[in-house]
Amino acid sequence: MKKKVLLMGASGSGKTSMRSLIFSNNPASLTARLGATIDVEQNHVRFLGDLILNLWDCGGQDAFMDSYLSTQQSTIFQHVGVMIYVFEVQSRNMRKDLEYYRDCLAALRRYSPDAAVFLLVHKMDLVNEPRGQTLDRKTAELQQASDGMGVTVFGTSIYDESLYKAWSRIVHTLIPNVAVLSKHLTTLAHACNATEVILFERTTFLVIATSSPPPSPASIPLPVTPLFSTPSSMHSNGLLTPTSTSHTRSNARYTPDDSDPHKLAPTRYERTSELIKAFKHACSRVREDFRSLEMELAEFTAVLDELTKNTYVLIVVHDPTIETAALKMNIRLARKKFE
Ligand code: GTP
């Protein structure tokens with residue numbers, strides 16, 4: 001299944017920079033060397049076995065834009081799954097940017113009426129006033145220009161995790177079986193007594209799915225039975241329960257609100273993508289391949305390991321009695337569910 005993704009916006013707005021960060025593992029510092037894109041650069045990225053992203057990075061110089069909107073219109077705008085339109089937050093000519101945007105939107109409506117539209121207000125690192133205020137103002141302006149069409153707006157910068165958040169959400173809309181993946185991740189989380197399990201795409205490290213949060217503790221009585229039978233035992237789903245002393249299950253640990261005892265940061269997914277990408281880049285500089293990661297800290301244990309050909313999984317556990325070897329074993333046992 002091929003999904004066409006159009007990446008459009010004015011010249012210099014940062015389209016190729018974000019593509020090179022997310023899809024080519026390049027650091028932000030190298031983007032200043034990128035030349036202007038000539039016409040359209042196409043890339044194919046295999047996501048999760050069948051799903052291939054066909055990314056069209058459309059050079060934003062006026063001559064190219066005029067050609068996309070005239071002679072090339074049907075080629076560019078047909079069969080589009082998603083259009084991502086990039087606006088520089090401090091654009092020097094917003095009026096012209098909006099004119100091109102409206103024309104592109106009209107062409108998209110004509111040739112791909114079902115395509116989703118995401119707008120990125122980019123280079124947010126250059127903003128001096130509080131970012132929230134700027135983004136609210138820009139969002140209102142862009143929604144007005146979209147003339148009633150449902151669009152989603154993100155504030156982004158290549159210098160922080162905001163870019164990963166936006167792209168993870170965008171890619172998420174293209175994956176057909178996210179709910180099934182989340183269900184399998186929840187099963188894996190329960191089997192490992194994990195706080196959270198997160199699935200990443202291998203090349204981009206964008207978040208594909210997370211173990212869904214269970215119902216709030218208020219609505220569920222805490223079970224009084226021990227979570228684990230001792231010693232290690234096999235579940236009916238084929239996963240191994242890690243050997244542990246007897247515990248009672250606390251549903252509260254999964255709740256991502258104020259009652260969450262671990263105070264999980266709301267930006268943890270995109271921060272992880274950003275940090276792992278930086279780590280992968282550091283590995284490549286010393287000519288080492290990144291394979292897996294294990295962390296055993298006082299507060300939690302985390303294992304990041306390959307799950308399938310196209311994915312990595314991160315398991316985070318706050319139970320100090322659970323061994324990383326058991327987590328890795330469960331990742332191996334869960335593999336075939338995700339293939
Ligand atoms: P065309 O190929 O001509 O359409 O331009 P483009 O949209 O692909 O722009 P490009 O990615 O080449 O980026 C232009 C400049 O913007 C580069 O010097 C980047 O380093 C810079 N840039 C990209 N993203 C950011 C960002 O988030 N913040 C800041 N401050 N600069 C950025």
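The values are calculated or read from the model by the stated rules, or taken from the named source; none is laboratory data. Source: prediction; values computed, not measured. Here the Cβ is made from the backbone with ideal geometry for all residues, glycine too, and neighbour counts use every protein chain on show.
When the range 305-322 is filtered for residues that are free of Cβ contacts under 8 Å to residues at least 40 places away in the same chain and either surrounded by 17 or more Cβ atoms within 10 Å (Cβ to Cβ) or among the acidic types (Asp, Glu) (or both), only Asp305 remains.
Kindly indicate which of Ile158, Ile175 is at pLDDT below 90 and among the β-branched types (Val, Ile, Thr). Outline the logic, then answer.
Working: Ile158 fails: at pLDDT below 90.
Just one listed residue meets the conditions, Ile175.
Any idea which of (1) at pLDDT below 95; (2) surrounded by 16 or more Cβ atoms within 10 Å (Cβ to Cβ); (3) part of a helix (DSSP H, G or I) is the one Cys104 doesn't satisfy? For Cys104, the failing item is (1). If I filter the range 1-36 down to residues being at pLDDT below 85 and more than 24 Å from Leu275 (Cβ to Cβ), which single residue comes out as nearest to the ligand (Cβ to nearest atom)? Going through the qualifying residues, I end up with Ala36.
Out of all the residues in the range 45-55, is one or more of a type outside the set (Lys, Arg), in contact with a strand residue (DSSP E or B) (Cβ under 8 Å, 6 or more places away or on another chain) and within 16 Å of the ligand (Cβ to nearest atom)?
Just the residues of the range 45-55 that are of a type outside the set (Lys, Arg), to begin with: 45, 47-55.
Subsequent filtering for residues that are in contact with a strand residue (DSSP E or B) (Cβ under 8 Å, 6 or more places away or on another chain) retains 45, 47-49, 51-55.
Next, only the ones that are within 16 Å of the ligand (Cβ to nearest atom) stay: 55.
The answer is yes; a qualifying residue exists.
The number of residues in the range 6-44 that are under 29 Å from Arg285 (Cβ atoms) and either touching a strand residue (DSSP E or B) at 6+ places or on another chain (Cβ under 8 Å) or in a strand (DSSP E or B) (or both) comes to 14.
Is it fair to say Ala252 is modelled with pLDDT under 80, within 30 Å of Ala28 (Cβ to Cβ) and in contact with a helix residue (DSSP H, G or I) (Cβ under 9 Å, 6 or more places away or on another chain)?
Working: modelled with pLDDT under 80: yes; within 30 Å of Ala28 (Cβ to Cβ): no; in contact with a helix residue (DSSP H, G or I) (Cβ under 9 Å, 6 or more places away or on another chain): yes.
In short, no.
Candidates are the residues of the range 153-198 that are in a loop (DSSP other than H, G, I, E, B) and within 16 Å of the ligand (Cβ to nearest atom); the one that is nearest to Leu327 (Cα to Cα) is Glu161.
When only residues in the range 120-140 that are part of a helix (DSSP H, G or I) and touching a residue at least 40 places away in the same chain (Cβ under 8 Å) count, which is surrounded by the most Cβ atoms within 10 Å (Cβ to Cβ)?
The initial filter retains those residues of the range 120-140 that are part of a helix (DSSP H, G or I), namely 124-126, 131-140.
Checking the rest, the ones that are also touching a residue at least 40 places away in the same chain (Cβ under 8 Å) come to 134, 138.
On the way: Thr134: 18, Lys138: 20.
Once the filter is applied, the top-ranked residue is Lys138.
If you check Phe118, Phe154, Phe200 for being of a type in the set (Phe, Trp, Tyr), under 15 Å from the mean Cα position of the chain (by Cα) and more than 18 Å from Leu6 (Cα to Cα), only one passes: Phe200. Quick check on the range 75-92: of everything there that is within 14 Å of the ligand (Cβ to nearest atom), in contact (Cβ under 8 Å) with a residue 12 or more places away in the chain and in a loop (DSSP other than H, G, I, E, B), which residue is surrounded by the fewest Cβ atoms within 10 Å (Cβ to Cβ)? Among residues in the range 75-92 that are within 14 Å of the ligand (Cβ to nearest atom), in contact (Cβ under 8 Å) with a residue 12 or more places away in the chain and in a loop (DSSP other than H, G, I, E, B), the one surrounded by the fewest Cβ atoms within 10 Å (Cβ to Cβ) is Gln90.
Here are some residues: Arg291, Arg271. Which one is without any contact (Cβ under 8 Å) to a residue 60 or more places away in the chain and either surrounded by fewer than 16 Cβ atoms within 10 Å (Cβ to Cβ) or not in a helix (DSSP H, G or I) (or both)? Going through Arg291, Arg271 in turn, the sole match is Arg291.
If you go through the range 60-74 one residue at a time, do you hit one that is within 16 Å of the ligand (Cβ to nearest atom), in contact with a Leu (Cβ under 9 Å, 6 or more places away or on another chain) and not in a loop (DSSP other than H, G, I, E, B)? Give the derivation first.
Going residue by residue through the range 60-74, those that are within 16 Å of the ligand (Cβ to nearest atom) are 60-69, 72.
Restricting the remaining residues to those that are in contact with a Leu (Cβ under 9 Å, 6 or more places away or on another chain) gives none.
No, the range 60-74 contains no residue that is within 16 Å of the ligand (Cβ to nearest atom), in contact with a Leu (Cβ under 9 Å, 6 or more places away or on another chain) and not in a loop (DSSP other than H, G, I, E, B).
Only one of the numbered conditions (1) near the ligand (Cβ under 8 Å from one of its atoms); (2) within 17 Å of Val121 (Cβ to Cβ); (3) not in a strand (DSSP E or B) is not met by Leu98, and that is (1).
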